[in-house]
1. For the list (1) within 10 Å of the chain's Cα centre (by Cα); (2) on the phi > 0 side of the Ramachandran plot, I need the number of the one condition that G66 fails.
2. Within the stretch 60-85, how many residues are of a type in the set (D, E, K, R), in contact with a helix residue (DSSP H, G or I) (Cβ under 9 Å, 6 or more places away or on another chain) and at pLDDT below 95?
3. Evaluate the following for S32: is it among the polar types (S, T, N, Q) and under 12 Å from the mean Cα position of the chain (by Cα)?
4. Across the stretch 35-85, what is the number of residues that are under 15 Å from H4 (Cα atoms) and without any contact (Cβ under 8 Å) to a residue 40 or more places away in the chain?
5. Return the residue satisfying two criteria in turn: it lies in the stretch 1-59 and is outside any helix (DSSP H, G or I) and basic (K, R), and of such residues it is modelled with the highest pLDDT.
6. State which residue is surrounded by the most Cβ atoms within 10 Å (Cβ to Cβ) when the search covers only the stretch 1-39 and only residues that are within 15 Å of K68 (Cβ to Cβ) and among the aliphatic types (A, V, I, L, M).
7. Within the stretch 46-59, track down each residue that is out of contact with any helix residue (DSSP H, G or I) (no Cβ under 9 Å at 6 or more places or on another chain) and either closer than 15 Å to E18 by Cα or surrounded by 17 or more Cβ atoms within 10 Å (Cβ to Cβ) (or both).
8. Hey, can you tell me all the residues within the stretch 57-80 that are closer than 18 Å to Y26 by Cβ and touching a Phe, Trp or Tyr at 6+ places or on another chain (Cβ under 9 Å)?
Amino acid sequence: MDNHYLKYPETVLLLAGELKRGLDAYRARQVSEKEIQEMVFHYASTAADLLFDGEAYNITIQRKLGSKRMRILDKMLNGYQRKMF
């Protein structure tokens, strides 16, 4: 993950904004699939408490990203196993 995105967003809104920018850049083909997947995995492992609410996505993340971006996020995280601790 390079300097285009916050490495450690402090709030759910900041995380949603970074994911939105990243997923939009991916859809516009400004970043590669590998780069966006690296970003998504980084956030899933370092900001899991902001991204997830139990077993589902945080409702704020869902509302801010919308259905099309959430589908991409789902596909990126397909097979991702969260850490227990």
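The values are calculated or read from the model by the stated rules, or taken from the named source; none is laboratory data. On a predicted model such as this, the values are computed, not experimentally measured, just so you know. FYI the Cβ positions are ideal-geometry reconstructions off the backbone, even for glycines, and counts take in every protein chain you see.
1. With respect to (1) within 10 Å of the chain's Cα centre (by Cα); (2) on the phi > 0 side of the Ramachandran plot, G66 is out only on (1).
2. Of the stretch 60-85, the ones of a type in the set (D, E, K, R) are 63-64, 68-69, 71, 74-75, 82-83.
Right, trim to in contact with a helix residue (DSSP H, G or I) (Cβ under 9 Å, 6 or more places away or on another chain) and you get 63-64, 68-69, 82-83.
Filter once more, so that each one left must be at pLDDT below 95: 82-83.
Going through the stretch 60-85 one residue at a time, the tally reaches 2.
3. Values: among the polar types (S, T, N, Q): yes; under 12 Å from the mean Cα position of the chain (by Cα): no.
Taking the combined requirement at face value, the residue does not satisfy it.
4. Within the stretch 35-85, the first condition is being under 15 Å from H4 (Cα atoms), and the residues that meet it are 35-40, 42-43.
Next, from what is left, pick out any that are without any contact (Cβ under 8 Å) to a residue 40 or more places away in the chain: 35, 37-40, 43.
Going through the stretch 35-85 one residue at a time, the tally reaches 6.
5. Just the residues of the stretch 1-59 that are outside any helix (DSSP H, G or I), to begin with: 1-11, 28-32, 47, 52-58.
Checking which are basic (K, R) leaves us with 7, 29.
Details: K7: 92, R29: 96.
Looking at residues that are outside any helix (DSSP H, G or I) and basic (K, R), I get R29.
6. Of the residues in the stretch 1-39, the ones within 15 Å of K68 (Cβ to Cβ) are 16, 19-28, 36.
So of that shortlist, the ones also among the aliphatic types (A, V, I, L, M) come out as 16, 19, 23, 25, 28, 36.
Working: A16: 21, L19: 26, L23: 23, A25: 17, A28: 8, I36: 22.
Per the stated criteria, the residue is L19.
7. Across the stretch 46-59, the qualifying residues are T46, A48.
8. Once the filter is applied, which keeps residues that are closer than 18 Å to Y26 by Cβ and touching a Phe, Trp or Tyr at 6+ places or on another chain (Cβ under 9 Å), the stretch 57-80 yields I61, L65, M70, I72, L73, D74, M76, L77, Y80.
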